[in-house]
1. Given (1) among the polar types (S, T, N, Q); (2) surrounded by 12 or more Cβ atoms within 10 Å (Cβ to Cβ); (3) farther than 30 Å from Tyr30 by Cα; (4) out of contact with any Cys (no Cβ under 9 Å at 6 or more places or on another chain), identify the lone condition not met by Ser145.
2. Filter region 52-88 down to residues that are hydrophobic (A, V, I, L, M, F, W, C) and more than 17 Å from Gly140 (Cβ to Cβ) and give me whichever is least open to solvent (accessible area, probe 1.4 Å).
3. Residues Phe122, Phe91: which one is surrounded by 19 or more Cβ atoms within 10 Å (Cβ to Cβ) and farther than 22 Å from Ser33 by Cα?
4. When you scan region 10-20, how many residues do you find that are open to solvent by 60 Å² or more (accessible area, probe 1.4 Å) and in a loop (DSSP other than H, G, I, E, B)?
5. Would you please list the contacts, defined by Cβ atoms under 9 Å and residues six or more apart or on different chains, that run from a residue in region 23-47 that is among the basic types (Lys, Arg) to a residue that is open to solvent by 70 Å² or more (accessible area, probe 1.4 Å)?
6. Across region 125-142, which residue is modelled with the lowest pLDDT among those that are of a type in the set (A, V, I, L, M, F, W, C) and surrounded by 14 or more Cβ atoms within 10 Å (Cβ to Cβ)?
7. Evaluate the following for Val23: is it under 25 Å from Thr137 (Cβ atoms), of a type in the set (Val, Ile, Thr) and not in a loop (DSSP other than H, G, I, E, B)?
8. What number of residues in region 94-118 are open to solvent by 50 Å² or more (accessible area, probe 1.4 Å), in contact (Cβ under 8 Å) with a residue 24 or more places away in the chain and polar (S, T, N, Q)?
Amino acid sequence: QFQGIPAPQTDAERRQVITSPEVTIDGKAYPISFRTILRSGDKAGEGTFGLLTDRKGQPLPGEGGAPRISNANDFSSLLPVGDRLFMVSQFEVRPGAMYLTELAQDRASGALSAISTRPIDFSSLGGVWNPCAGSVTPWGSHLGSEEYEPDARHHDPATGRIDRETAAM
């Protein structure tokens, strides 16, 4: 059972991250809190979380030529793999992006922190368009979907590849 929290009353309160300060499990109370692992633009290892890249892995330009960083993290899954822990994060933006982040967990507090992050390379598939919604499967894998698909009239139904000539029209 989670300890209750008051409903937000003001616009400023509605924009805050508010969490229950404690949960009771089998009659024992445990303190809990919301902790941010990474924000868009944060560095972890060699990677920048949310940086949008082209098919060659080069940063896409944003306003004023600065690298374009998405703040549209739509879903993140936590995936234990052996004795390591990973997070797959999808950014609901066009063109889309997904990031693989290795995490460390503090044994005493349980707090998670990012060790490294990098974009997942979908260039062999023509990229990812606009990932939206996700889940962790019963098998412990990430399941994501795409939203607002590109115009299917430009795809060869036999190969799934984009016909660059008709797409340019």
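1. (4)
2. Of the residues in region 52-88, the ones hydrophobic (A, V, I, L, M, F, W, C) are 52, 60, 66, 69, 72, 75, 78-79, 81, 85-88.
Narrowing further to those that are more than 17 Å from Gly140 (Cβ to Cβ): 52, 60, 66, 69, 72.
Values: Leu52: 3, Leu60: 39, Ala66: 49, Ile69: 75, Ala72: 29 Å².
The selected residue is Leu52.
3. Working: Phe122 fails: surrounded by 19 or more Cβ atoms within 10 Å (Cβ to Cβ).
Unique residue meeting the criteria: Phe91.
4. First, the residues of region 10-20 that are open to solvent by 60 Å² or more (accessible area, probe 1.4 Å): 10-18.
Then drop every residue that is not in a loop (DSSP other than H, G, I, E, B), which leaves 10, 15-18.
Matching residues across region 10-20 total 5.
5. Short answer, once both residue conditions are applied: Arg39/Asn71.
6. Filtering region 125-142 down to residues of a type in the set (A, V, I, L, M, F, W, C) leaves 125, 128-129, 132-133, 136, 139.
Checking which are surrounded by 14 or more Cβ atoms within 10 Å (Cβ to Cβ) leaves us with 128-129, 132, 136.
Working: Val128: 86, Trp129: 83, Cys132: 89, Val136: 96.
Out of the qualifying residues, it is Trp129.
7. Details: under 25 Å from Thr137 (Cβ atoms): no; of a type in the set (Val, Ile, Thr): yes; not in a loop (DSSP other than H, G, I, E, B): yes.
It is false that Val23 is under 25 Å from Thr137 (Cβ atoms), of a type in the set (Val, Ile, Thr) and not in a loop (DSSP other than H, G, I, E, B).
8. Selection size over region 94-118: 1.
The values are calculated or read from the model by the stated rules, or taken from the named source; none is laboratory data. Predicted, not measured: the structure shown is a model, and the values here were computed from it. FYI the Cβ positions are ideal-geometry reconstructions off the backbone, even for glycines, and counts take in every protein chain you see. Ligands, DNA and RNA are excluded from the accessible area calculation, which covers all protein heavy atoms including side chains. Shrake-Rupley method; radii C 1.70, N 1.55, O 1.52, S 1.80 Å.
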